[in-house]
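The values are calculated or read from the model by the stated rules, or taken from the named source; none is laboratory data. Source: prediction; values computed, not measured. Every residue, glycine as well, gets a Cβ built from its backbone with ideal geometry; the counts of neighbours run over all protein chains shown.
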């Protein structure tokens, strides 16, 4: 029984990695583990490589491409960050996590020859059991001439309690609000097992209707 409970707890910890759609940060990454992630949507693309230095600290190098409007030029943002686990608390059937992160960025609009330096920072809170997942994230990017604030909230339900070695599935809704944009509402599905996940969803609000997103992660 102790071995079984330990495996389930490890699975719950790894599953806290599973929350992605924008320049995702704040994941718990086990010490000595590398995580590669890619997320794609019509106006945003993210590519990240993260490494866990110890149980509380991880580092990430990434590239974010955003287009703030269908007719706008792409903005390329290279970023580095350190993520710190501020608090973790286990309950009888779940786990709560709080993270903060920060780091430098270099930003350039396609078609321009000017690269601007700046910074980014954020906070992330989540709570998960084997049947529910909830998350809220706030993320800010800032350079001399550009600022972008993002707030993302997610809620998901699992149709069954998956064992650690099984492929698990979730269904949920994401709410996202970015600077200068209307609220984006996206139902989505998630499938994961041990060291990988795939998210896929389609937005249903008036402004972003039929916009898709795809997110893929691999832990190695």
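Starting from the stretch 92-108, take each residue that is surrounded by fewer than 15 Cβ atoms within 10 Å (Cβ to Cβ) and list its partners that are part of a strand (DSSP E or B) and at pLDDT below 95, counting only C-beta distances under 6 angstrom and pairs at least six apart or across chains. Close Cβ pairs satisfying both conditions: 93/129.
For the stretch 43-70, taking the residues that are more than 17 Å from residue 214 (Cβ to Cβ) and out of contact with any strand residue (DSSP E or B) (no Cβ under 6 Å at 6 or more places or on another chain), the one that is modelled with the lowest pLDDT is identified as 70. Evaluate the stretch 71-78: report whether one residue or more is at pLDDT 95 or above, within 25 Å of residue 199 (Cβ to Cβ) and under 17 Å from the mean Cα position of the chain (by Cα). Within the stretch 71-78 (the criterion being at pLDDT 95 or above, within 25 Å of residue 199 (Cβ to Cβ) and under 17 Å from the mean Cα position of the chain (by Cα)), the answer is yes, since at least one residue qualifies. Kindly indicate whether any position in the stretch 141-149 is assigned to a strand (DSSP E or B), modelled with pLDDT under 95 and either under 29 Å from residue 73 (Cα atoms) or more than 14 Å from the chain's Cα centre (by Cα) (or both). Within the stretch 141-149 (the criterion being assigned to a strand (DSSP E or B), modelled with pLDDT under 95 and either under 29 Å from residue 73 (Cα atoms) or more than 14 Å from the chain's Cα centre (by Cα) (or both)), the answer is no, since none of the residues qualifies.
Would you call residue 119 without any contact (Cβ under 8 Å) to a residue 60 or more places away in the chain and at positive phi? So residue 119 fails the test.
Among the listed residues 109, 151, identify the single one that is closer than 21 Å to residue 187 by Cα and touching a strand residue (DSSP E or B) at 6+ places or on another chain (Cβ under 6 Å).
151
Inspect the stretch 197-217 for any residue being surrounded by fewer than 20 Cβ atoms within 10 Å (Cβ to Cβ), in contact with a strand residue (DSSP E or B) (Cβ under 8 Å, 6 or more places away or on another chain), more than 26 Å from residue 86 (Cβ to Cβ) and modelled with pLDDT under 90 and give the result as yes or no. Checking the stretch 197-217: at least one residue is surrounded by fewer than 20 Cβ atoms within 10 Å (Cβ to Cβ), in contact with a strand residue (DSSP E or B) (Cβ under 8 Å, 6 or more places away or on another chain), more than 26 Å from residue 86 (Cβ to Cβ) and modelled with pLDDT under 90. Among all positions in the stretch 178-192, there is no residue which is farther than 23 Å from residue 64 by Cα, modelled with pLDDT under 95, in contact with a helix residue (DSSP H, G or I) (Cβ under 7 Å, 6 or more places away or on another chain) and surrounded by fewer than 19 Cβ atoms within 10 Å (Cβ to Cβ).
Filtering the stretch 110-136 down to residues that are within 16 Å of residue 66 (Cβ to Cβ) and crowded, with 17+ Cβ neighbours inside 10 Å, which residue is nearest to the chain's Cα centre (by Cα)? The extreme case among them is 122.
For the stretch 180-209, filtered to residues that are in contact (Cβ under 8 Å) with a residue 60 or more places away in the chain and in a loop (DSSP other than H, G, I, E, B), the residue that is nearest to residue 130 (Cα to Cα) is 194.
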